[in-house]
Amino acid sequence: MKVPVKWLNEFIDTGLSPAELAHRLTMAGLEAEKITTIGAEWDKVFVGYVESVARHPDADRLVLATVDAGEHRLTVVTGAPNIAEGQLVPLALAGARLIDGHSEGQVYKTLKPGMIRGVRSEGMVCSEKELGLSDEHEGILVLEETAPKGAPLVEWLGDTVIEFEITPNLVHDFSILGIAREASALTDRPLTLPPSFDLDRAPVAAEDLVTIEAPDLCARYVAVVIEGVNVGPSPAWMQRRLLAAGVRPINTSVDVTNYVMLEYGQPMHAFDADQLAGGRIIVRRARPGETIETIDHQQRELTREMLLIADAERPIGVAGVMGGTNTEVNDATTRIVLESANFDMTSIRAAARALKLRTDASARFERGLDPNLAREAAARATRLLLELSPGATVTAVADVYPRPRLPRPISLPFSEIERLLGIRFASAQVLEVLQRLGFAPRLEGEGDAMVLHVTVPTWRSDVTLGADIVEEVARIIGYDVLPERLPTGQTAPVHRDPVFALQRQIRSLLTGAGAWETITYVAVGEEDLRRLHPEGALETGLHEVDADALVRMRNPLQADRDILRPTLLPSLLHIAAENLKHERGVRLFELARLYLPGEGELPREVNGLAILLAGARNPLSRFTAGSEQEGDLDFFDLKGMIETMLSRLGVECATFQRIAFAPLHPGRVAGLFIGDRRIGILGELRPDRAAAFGIEAPRVAVAEIDIDALRAAAHPVPADVRVPRFLPVEQDFAIVVTEETPASEVEAALRAGAGPLATAVTLFDVYRGPQIGESRKSLAYRVTFTAPDRALTDTELGKVRDRIARTLRKRVGGELRA
């Protein structure tokens, strides 16, 4: 939020420089991000009086203006269409640094004297753009009659703007008044409120002027009917303040509502009263099929959850977000209804997200405003409108406030301040600080039994606990006065989270295998899930989830991502699609939580791992991805990566078994089992499912594993770097089995027959051909035999080979090829 210091000074004279004030507020918890000086480049620009305007002797569109600026009296050549005798204008002398009005953006140039069509011009009268005030360059800036002739322009128009970062819990500081309250408490200077109109003196409107049909979404609605309003450009002082605060001026009625929003923090809106059907305002939920054209001239489709402002026939505004064109104020408007209301923060936030329409008003409402602010802001806006339209009158005021919000009492032991802060403050000092904050404090009792009672004003919605009161005392007195002490005593023992430790080891193993970790949004859209499962139940590979049972968010950040993800694959596929646009191959993984339907209100959370491999196996190869020479990442690369991970984690009972899973290619899919329980799935994505995510790679291998189930079977072992005393012996075994026999069962039989002497088993070839018969295959394994206490002999290895042959015949019906 941008705060012009001159505007702030009308509320409080802090006695501090802008830099000092920004520092004090930052140290008190209100971070000042940036300080900008308006007029820092105006060292040779003055307030000048136009004495005369004459035609240029050699140009129809140029004039010669004689401008008096006290010590400086110049004749300048200008083409400004609005210059006239008797005006006060900015006069720039030679050497002034100004923005080039004919260039895009802010391009500074140094003004030099020159000949313009035969007439020497020693200076220049300036537009708003050339001074950096706005983008307006059609004419010169005409100053008010009260501007002091000859004074440096910076003394009249210059200002300092402090930009604050307003966190969601500090909505009471989201205004000039809020910043002024903070500054008043910090500096112990009095706060002065601007003048406002006494709404109690105005006629009370008829009961049916305002009707609230959704009191759960609208706590208060104040409407002020004003007749005789003149709609036109706002005065220069108001336009300058709005521009300094980052708001574009439009006309008097709109500018006043924006001005009060910035000043008080209360969003407002003005309706053309003559366009209200039935002369009524109804606050209600949207009806099925209703639409509205908002003042940005966009047609908006409304849902039943959205709160509307309507008249007797139609919607006229999306409550707390934006008004409609059907009641928009224009130059012909003479009667307006001024709205100052309080809406439910959750409802406004949901509507703004659903409509993809975040405004200055919604940004304030969705943080939770004080309902008591609505009438104060309406009174201030009414006063400004009556000042800008001297003939206008207030004809009716309606204030519907079913359940007024009252200040909250909080009590706490006075000793709690010392307990939490580690320092004792005098009771008088604490009472003074809380009084400055408007908390109406009082003490009861004496000594250790002393109790502090405070009444929290309604605008401080962030103060709800005794600890919040202690925090207020600390930040106003100053965090820098708190004592610095080293901790004493024994530190608590460290208990490492076993899930985190396992995830860290998996992360290390997968990055060592060349994969990159991704972090994606926790929410997905149903459209993404349906790209994997166009029809039927949404099976994630680990869990089958009914579409109606998906965990949906009531108020998502993005309307098209409203489901807490039951699987990591869609998010990972989107990331792969983007990376494959500029990479030849990707290896990605993500460790994150999945959210599945639970028995109660909360979802069941499962820790999951997803892996994706796609594209060229060797991205640095000179061959084209997908070519025979290159080779693509496929199912076996993925399976090898998972096998390595399982080995390093000490998972000894894991097996891969053939399964069916609709999104994955038949014959290139397997389940990861521990015992009889499936804890993961891996395979190659079907080409049509990959294309649905925009992936054109010939093979996309994906896997998803339940980390919680894996942790129960994992027994991580340290890397063994010992050199064996006796050399290992390697032998190859070619085993012929039926086509249906899984390689995992063959390997298990091979290991069982080899016994403890087999320290490594590697499948290195698969052969199919007429030599071994139809519907049969030959699997070639290399087995490493090692004995820790002796060198293995041929006789001993021969016996092991015979035992392997018997085991293979018995368990998988396999035969050793000669």
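General remarks:
- Residue within the stretch 262-274 that is more than 28 Å from residue 194 (Cβ to Cβ) and surrounded by fewer than 24 Cβ atoms within 10 Å (Cβ to Cβ) present: yes
- Applying a threshold of 7 Å to beta carbon distances and a minimum spacing of six or more residues, or different chains, the list of pairs starting in the stretch 212-239 at a residue that is touching a residue at least 24 places away in the same chain (Cβ under 8 Å) and acidic (Asp, Glu) and ending at one that is in a strand (DSSP E or B) and open to solvent by less than 30 Å² (accessible area, probe 1.4 Å) reads 213/282; 213/283; 213/284.
- Identity of the residue in the stretch 77-88, touching a residue at least 40 places away in the same chain (Cβ under 8 Å) and either in contact with a Leu (Cβ under 7 Å, 6 or more places away or on another chain) or within 25 Å of residue 148 (Cβ to Cβ) (or both), that ends up most open to solvent (accessible area, probe 1.4 Å): 82
- From the list 141, 91, 133, 74, the one residue that fits, being open to solvent by less than 20 Å² (accessible area, probe 1.4 Å) and either in a loop (DSSP other than H, G, I, E, B) or touching an Asp or Glu at 6+ places or on another chain (Cβ under 7 Å) (or both), is 141.
- Of all residues in the stretch 797-809 being free of Cβ contacts under 8 Å to residues at least 24 places away in the same chain and open to solvent by 50 Å² or more (accessible area, probe 1.4 Å), the one that is nearest to the chain's Cα centre (by Cα): 809
- Consider the stretch 270-307 and keep the residues that are in contact with a strand residue (DSSP E or B) (Cβ under 8 Å, 6 or more places away or on another chain), basic (Lys, Arg) and in a loop (DSSP other than H, G, I, E, B). The one that is nearest to residue 374 (Cα to Cα) is 280.
- Residue that is farthest from residue 740 (Cα to Cα) [pool: residues in the stretch 652-675 that are of a type in the set (Val, Ile, Thr) and at pLDDT below 90]: 655
- Only one of 517, 527, 535 that is under 16 Å from residue 689 (Cβ atoms) and touching a residue at least 12 places away in the same chain (Cβ under 8 Å): 527
- Subset of the stretch 177-203 that is under 20 Å from residue 16 (Cβ atoms) and of a type in the set (A, V, I, L, M, F, W, C) - its residue that is surrounded by the fewest Cβ atoms within 10 Å (Cβ to Cβ): 191
- Any chance residue 578 is assigned to a helix (DSSP H, G or I), at negative phi and open to solvent by 20 Å² or more (accessible area, probe 1.4 Å): yes
- In summary, strands (runs of 3 or more DSSP E) completely within the stretch 332-446 and bearing 1 or more residues that are closer than 26 Å to residue 318 by Cα and of a type outside the set (Asp, Glu) occur at 335-343, 393-400.
- For the stretch 204-223, residues that are open to solvent by 30 Å² or more (accessible area, probe 1.4 Å) and not aliphatic (A, V, I, L, M) total 6.
- Scope the stretch 7-46; condition open to solvent by 40 Å² or more (accessible area, probe 1.4 Å) and touching a Leu at 6+ places or on another chain (Cβ under 6 Å); matching residues: 24, 44
- Only residues that are farther than 12 Å from residue 735 by Cα and either β-branched (Val, Ile, Thr) or loosely packed, with under 11 Cβ neighbours inside 10 Å (or both) were counted in the stretch 765-790, giving 10.
- So residue 104, is it in a loop (DSSP other than H, G, I, E, B) and either open to solvent by 60 Å² or more (accessible area, probe 1.4 Å) or on the phi < 0 side of the Ramachandran plot (or both): yes
- Of the candidates 463, 454, the single residue that is closer than 30 Å to residue 181 by Cα, in a loop (DSSP other than H, G, I, E, B) and open to solvent by less than 10 Å² (accessible area, probe 1.4 Å) is 463.
- Of all residues in the stretch 304-321, those that are over 18 Å from residue 209 (Cα atoms), surrounded by fewer than 24 Cβ atoms within 10 Å (Cβ to Cβ) and without any contact (Cβ under 8 Å) to a residue 40 or more places away in the chain total 1.
- Sole exception among (1) surrounded by fewer than 20 Cβ atoms within 10 Å (Cβ to Cβ); (2) closer than 30 Å to residue 204 by Cβ for residue 359, by number: (2)
- Residue check for residue 109: crowded, with 18+ Cβ neighbours inside 10 Å, within 44 Å of the chain's Cα centre (by Cα) and not in a loop (DSSP other than H, G, I, E, B): no
- The residue pairs whose first member lies in the stretch 771-795 and is farther than 20 Å from residue 746 by Cα and part of a loop (DSSP other than H, G, I, E, B), whose second member is of a type outside the set (S, T, N, Q) and open to solvent by less than 20 Å² (accessible area, probe 1.4 Å), and whose beta carbons are closer than 6 Å, counting only pairs six or more residues apart or on different chains, are 792/785.
- Sole residue being touching a strand residue (DSSP E or B) at 6+ places or on another chain (Cβ under 8 Å) and closer than 30 Å to residue 589 by Cα, chosen from 496, 507: 507
- Any hit, the stretch 330-348, residues being surrounded by 22 or more Cβ atoms within 10 Å (Cβ to Cβ) and out of contact with any strand residue (DSSP E or B) (no Cβ under 6 Å at 6 or more places or on another chain): yes
- Hits in the stretch 487-536 - residues which are among the aliphatic types (A, V, I, L, M), surrounded by 11 or more Cβ atoms within 10 Å (Cβ to Cβ) and either modelled with pLDDT under 90 or not in a loop (DSSP other than H, G, I, E, B) (or both): 499, 501, 502, 506, 509, 510, 523, 524, 529, 532
- Within the stretch 482-500, residues that are charged (D, E, K, R) reach partners that are modelled with pLDDT of 85 or more with beta carbons closer than 7 Å, at six or more positions or on different chains, in the pairs 485/422.
The values are calculated or read from the model by the stated rules, or taken from the named source; none is laboratory data. All of these numbers come straight from a predicted model, not from anything done at the bench. Backbone-built Cβ (ideal geometry, glycine too); neighbour counts: all protein chains shown. Please note that ligands, DNA and RNA were not included when accessible areas were found on the heavy atoms of the full protein model with its side chains. Shrake-Rupley method; radii C 1.70, N 1.55, O 1.52, S 1.80 Å.
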